[in-house]
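Just below is one structure, and these are the notes that go with it.
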Amino acid sequence: CALPISALEMTMRFAGARHRLIAHNIANISTPDFRPMDVSPTEFQRVLGEAIDKRREAGGPAAPGSGAGAAAGELMMKETRELRRAANGGLELRPSTPSGGILFHDRNNRDTERMLQDLVENATVFRVASDLLKSRYQLTNTAIAERV
């Protein structure tokens with residue numbers, strides 16, 4: 001079953017906001033007393049999955065290009081400790097300090113390799129979601145233009 005367009009858009013919003021957070025962590029990697037902050041991608045995926053399931057259960061006609069069995073309309077994601085839906089439709093992240101990492105003599109808790117791994121994984125999530133969204137829009141444009 002294909003992901004609805006709104007789920008892809010929400011995934012891109014999450015990945016973009018998390019990317020800024022990870023970049024901030026990397027930029028401050030040698031700042032004394034700096035504590036890196038992050039949010040859980042697993043928690044986001046769980047909340048997004050629940051929102052998709054809830055919208056499917058509500059029924060209704062599927063929006064063009066939204067995926068089989070997905071009702072049209074906004075995804076109603078529930079608020080968590082780390083995620084909140086902003087008034088403009090975006091996501092507001094409320095990060096916390098991860099418990100991992102090494103505490104250095106400058107009281108900075110950092111794990112460079114883990115931060116770079118998170119950066120690459122997050123960029124990959126954004127890229128895959130944007131490629132899928134692009135293909136959905138191209139498919140919709142092809143259908144509108146009545147081309148095969």
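The values are calculated or read from the model by the stated rules, or taken from the named source; none is laboratory data. Only a predicted model underlies this, so the values are computations on that prediction, with no experimental measurement involved. So basically every Cβ, Gly included, is an ideal-geometry build from the backbone, and we count neighbours across all protein chains shown. With ligands, DNA and RNA removed, areas are computed over all heavy atoms of the protein, side chains included. Shrake-Rupley method; radii C 1.70, N 1.55, O 1.52, S 1.80 Å.
Being farther than 19 Å from Phe126 by Cα, in contact with a helix residue (DSSP H, G or I) (Cβ under 6 Å, 6 or more places away or on another chain) and not polar (S, T, N, Q): is that true of Pro32 here?
no
Can you name the residue in region 53-62 that is without any contact (Cβ under 8 Å) to a residue 40 or more places away in the chain and in a helix (DSSP H, G or I) and is also most open to solvent (accessible area, probe 1.4 Å) among such residues?
Among residues in region 53-62 that are without any contact (Cβ under 8 Å) to a residue 40 or more places away in the chain and in a helix (DSSP H, G or I), the one most open to solvent (accessible area, probe 1.4 Å) is Glu57.
Given (1) within 30 Å of Thr97 (Cα to Cα); (2) touching a residue at least 12 places away in the same chain (Cβ under 8 Å); (3) exposed (fewer than 14 other Cβ atoms within 10 Å of the Cβ), identify the lone condition not met by Leu139.
(1)
Here is a check on your reading of the model: is Arg147 of a type in the set (Lys, Arg), out of contact with any His (no Cβ under 6 Å at 6 or more places or on another chain) and at pLDDT 85 or above?
Criteria not met by Arg147.
So that you can scan it fast, the table gives a plain yes or no per residue for (1) among the polar types (S, T, N, Q); (2) within 14 Å of the chain's Cα centre (by Cα); (3) at pLDDT below 90; (4) part of a loop (DSSP other than H, G, I, E, B):
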position: His105; (1), (2), (3), (4): no, no, yes, yes
position: Arg114; (1), (2), (3), (4): no, no, yes, no
position: Asn122; (1), (2), (3), (4): yes, yes, no, no
position: Phe126; (1), (2), (3), (4): no, yes, no, no
position: Asp131; (1), (2), (3), (4): no, no, no, no
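From Ala72, Ala63, grab the single residue that is in contact with a Gly (Cβ under 7 Å, 6 or more places away or on another chain) and modelled with pLDDT under 80.
After ruling out the rest, the residue left standing is Ala72.
With the requirement that a residue be hydrophobic (A, V, I, L, M, F, W, C), open to solvent by less than 50 Å² (accessible area, probe 1.4 Å) and over 10 Å from the mean Cα position of the chain (by Cα), what does region 1-22 give you?
Correct list: Ala2, Ile5, Leu21, Ile22.
Identify, please: which residue in region 28-52 is open to solvent by less than 80 Å² (accessible area, probe 1.4 Å) and over 17 Å from Pro98 (Cβ atoms) and is, among those, nearest to the chain's Cα centre (by Cα)?
Leu48
Looking at region 27-48, I want the residues that are among the basic types (Lys, Arg) and have a partner that is surrounded by 11 or more Cβ atoms within 10 Å (Cβ to Cβ) with Cβ atoms under 6 Å, at least 6 apart or on another chain. Which pairs are those?
Final answer for the pair search is Arg35/Thr97; Arg35/Asn109.
Condition (residue is in a loop (DSSP other than H, G, I, E, B) and at positive phi) applied to region 24-34: is it met by at least one residue?
Yes, the conditions are met somewhere in region 24-34.
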